[in-house]
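Engineer: Take this structure first; my questions come after.
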Amino acid sequence: MSMTFLRSPRLATSLSTASKNFVQQASVKHLHTSMKNQYAAPASPPPAEGFLPGVANSKLIKHTHHDALRNPELAGVANGETKKMNTFQAVNDAMGIALATDDTACVFGEDVAFGGVFRCTMGLSEMFGRDRVFNTPLSEQAIAGFGIGMAAMGSTAIAEIQFADYIFPAFDQLVNEAAKYRYRSGGEFNVGGLCIRTPCGAVGHGGHYHSQHPEAHFAHTPGLKVVVPRSPIQAKGLLLASIRDRNPVIFMEPKILYRAAVEMVPVGDYELPLGKAEILTQGKDLTIVGWGAQLYVLENAIQLAQKKMPGLSVELIDLRTILPWDVETVCNSVNKTGRLLIAHEAPKTQGFAAEIASTVMERCFLRLEAPIQRICSYDTPFPLVFEKFHVPDMIRCAEGIERAMKF
């Protein structure tokens with residue numbers, strides 16, 4: 001068990017939830033047995049980081065050496081080797097390169113010296129020493145504050161918040177200190193060496209405190225950058241860019257992709273651009289924008305919609321960086337297609353889709369042929385047993401596509 005769960009409020013919640021779930025699961029098991037329900041739970045528990053169907057066969061995943069290196073953004077390593085990695089291995093590889101190429105870089109957080117709860121820091125303390133890869137107390141505010149202090153003194157601070165749900169105790173440090181440090185000193189000082197890594201998003205069984213996707217909370221703060229990768233290649237390149245960027249960066253890793261997404265990843269040192277979206281598929285009828293794990297849901301939704309509407313041509317865009325986001329790429333696409341759908345795991349009200357929709361309305365109003373569609377989670381606390389109904393799944397996204405096309 002992670003030491004995070006030893007905090008008394010969380011432990012109490014966990015015990016209370018566990019007791020309720022025991023009774024609930026017993027009743028459900030009896031019902032499933034009697035009715036032979038096809039949705040009965042499997043005999044073995046799901047993996048801790050969740051399972052996302054469709055990723056293994058996704059066309060967004062680069063399965064071969066040549067597919068991986070065909071990306072023009074990887075021109076610097078185009079003649080290099082690739083290695084099969086999942087997302088947590090790619091994250092680990094990026095941090096290893098950062099530590100090897102920057103003597104001031106340190107990795108720290110809860111349990112990171114042991115490899116971390118998702119194994120993202122496996123082997124780093126043995127390779128670089130406990131003075132550069134080390135555990136911290138169970139205090140997110142202290143982790144962020146320590147990182148700010150390190151970065152202010154010129155070091156590279158790579159901090160881990162064990163779950164994005166627990167980043168809120170560090171909110172004051174990040175939005176009132178890290179984000180404003182350069183501005184309030186008139187450019188004399190900065191904490192540009194700070195990068196906060198944090199696993200985020202739904203996993204199928206995370207409940208209230210292990211499922212949230214809080215990018216919009218930080219996207220409202222000038223001075224920060226917010227990044228969400230979709231795959232191992234993207235995770236490595238974007239994380240290296242985030243660590244080396246001279247602004248504090250919050251790097252949110254969709255934990256359901258830690259093992260679900262596997263690619264041939266360049267073994268060399270490379271960066272992918274922050275603030276630049278990527279067009280994954282070209283299209284002329286509809287623009288769809290997403291980020292992180294939601295892109296695989298959208299890919300399946302597009303395929304479902306195309307069965308109902310043969311010939312449908314969709315432009316799928318991975319935003320990658322939430323702050324600053326790539327307004328030009330999105331608006332150029334909408335001016336071409338005349339329609340826009342945005343999907344994300346965070347709740348709909350004040351979610352980042354609202355910012356995108358507002359900007360597109362201002363810049364592309366006369367070219368729009370249908371209302372902008374926002375397919376998001378519902379405005380409730382994140383549920384446990386109802387998670388599959390809470391997040392925007394393939395069916396809801398496909399229905400949004402149909403509404404946009406039939407308006």
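The values are calculated or read from the model by the stated rules, or taken from the named source; none is laboratory data. Everything quoted here is computed from the prediction, not taken from an experiment. Here the Cβ positions follow ideal geometry from the backbone for every residue, glycine too, while neighbour counts run over all protein chains shown. Protein only, heavy atoms only, side chains kept; ligands, DNA and RNA dropped before computing areas. Shrake-Rupley method; radii C 1.70, N 1.55, O 1.52, S 1.80 Å.
Engineer: So how much slack lies between F365 and Y183, counting 0.36 nm per residue of separation and subtracting their Cα-Cα distance, in nm? Show your work: numbers first, answer last.
Structural biologist: On the way: separation 182, 0.36 × 182 = 65.52 nm, distance 3.46 nm.
My answer for the length gained is 62.1 nm.
Engineer: Additional query: If a/c stays under 1.5 just call it rounded; otherwise compare a/b with b/c (prolate if a/b is bigger, oblate if not). Do that for region 192-292, with a ≥ b ≥ c from the square roots of the Cα gyration tensor eigenvalues.
Structural biologist: On the way: a/c = 1.18, a/b = 1.01, b/c = 1.17.
Rounded shape, in that the Cα axes give a/c under 1.5.
Engineer: Count the net charge of all other residues whose Cβ sits under 14 Å from the Cβ of N57, scoring Lys and Arg as +1 and Asp and Glu as -1. Spell out each step's value before the answer.
Structural biologist: Values: positive: K59, K62; negative: D67, E263, E299.
Net charge in that neighbourhood comes out at -1.
Engineer: Could you let me know the centre-to-centre spacing of region 84-117 and region 343-361, using Cα atoms, in angstrom?
Structural biologist: Between the Cα centre of region 84-117 and that of region 343-361, the gap is 32 Å.
Engineer: Between region 236-265 and region 266-318, how many Å separate their Cα centres?
Structural biologist: 18
Engineer: Another question about this same structure. Where Lys and Arg each count +1 and Asp and Glu each count -1, what net charge lies around E263 among other residues with Cβ under 11 Å from its Cβ?
Structural biologist: On the way: positive: K62, K83, K84, R230, K236; negative: D67.
Summing Lys/Arg as +1 and Asp/Glu as -1 gives +4.
Engineer: Using Cα springs under 10 Å in a Gaussian network model of the chain, which residue among G192, G351, G207 shows the largest mean-square fluctuation?
Structural biologist: Maximum fluctuation in the GNM of the chain, among the listed residues, is at G207.
Engineer: Which order do you get for W325, W291 if you rank them by accessible area with a 1.4 Å probe, largest at the top? Don't skip to the end; give the middle numbers.
Structural biologist: Values: W325 35, W291 5 Å².
Sorted by accessible area, descending: W325, W291.
Engineer: Now a separate question. Amide H neighbours of V133 under 5 Å, counting only residues 5+ apart in sequence or on other chains, H built in-plane at 1.01 Å?
Structural biologist: Here the answer is V107, since their amide H atoms fall under 5 Å of that of V133.
Engineer: Ignoring any ligand, DNA or RNA, what whole percent of the accessible area of the chain comes from carbon and sulfur when the probe is 1.4 angstrom? Let's see the in-between values first.
Structural biologist: On the way: 10640 of 18430 Å².
Solvent-exposed carbon and sulfur of the chain make up 58 percent of the total.
Engineer: Can you tell me the dipole magnitude for the chain around its Cα centre, using point charges on the Cβ only (Lys, Arg +1; Asp, Glu -1), in Debye to the nearest 20? Don't jump to the answer; show the numbers that get you there.
Structural biologist: Numbers: 39 positive and 39 negative charges, 208 e Å.
Value, rounded to 20: 1000 debye.
Engineer: When the Kirkwood radius is taken over all Cα pairs of region 74-150, what Stokes-Einstein diffusion coefficient follows at 4 °C and 1.567 mPa s, in µm²/s? Numbers along the way, then the final one.
Structural biologist: On the way: Rh = 13.6 Å.
After rounding, the answer is 96 µm²/s.
Engineer: If you don't mind, there's one more thing I want to ask. Using only C-alpha positions, report the orientation-averaged shadow area of the convex hull of the chain, nm², one decimal. Mind dumping the intermediate values first?
Structural biologist: Values: hull surface 84.4 nm².
That works out to 21.1 nm², a quarter of the Cα hull's surface.
Engineer: Here's another thing I want to ask about it. When the chain is modelled as a GNM with alpha-carbon springs shorter than 10 Å, which of F218, F251, F386 fluctuates the most?
Structural biologist: It is F386.
Engineer: To continue, here is another question. Pull up the cross-link candidates among the lysines for K308, meaning alpha carbon to alpha carbon under 25 Å and not fewer than 8 places away within one chain.
Structural biologist: Within the straight-line cut-off, K308 pairs with K59, K284, K336, K388, K406.
Engineer: Relative to the Cα centre, what is the charge dipole magnitude of region 255-407, using +1 at the beta carbon of each Lys and Arg, -1 at the beta carbon of each Asp and Glu, and rounding to the nearest 20 debye? Write out the running numbers ahead of the final one.
Structural biologist: Working: 17 positive and 19 negative charges, 103 e Å.
Dipole size: approximately 500 debye.
Engineer: So, counting K/R as plus one and D/E as minus one, what does the shell of residues with Cβ under 12 Å around A404 add up to? Kindly include the intermediate steps, with their values, before the conclusion.
Structural biologist: Details: positive: R339, R374, R403, K406; negative: D285, E369, E399, E402.
Neighbourhood net charge equals 0.
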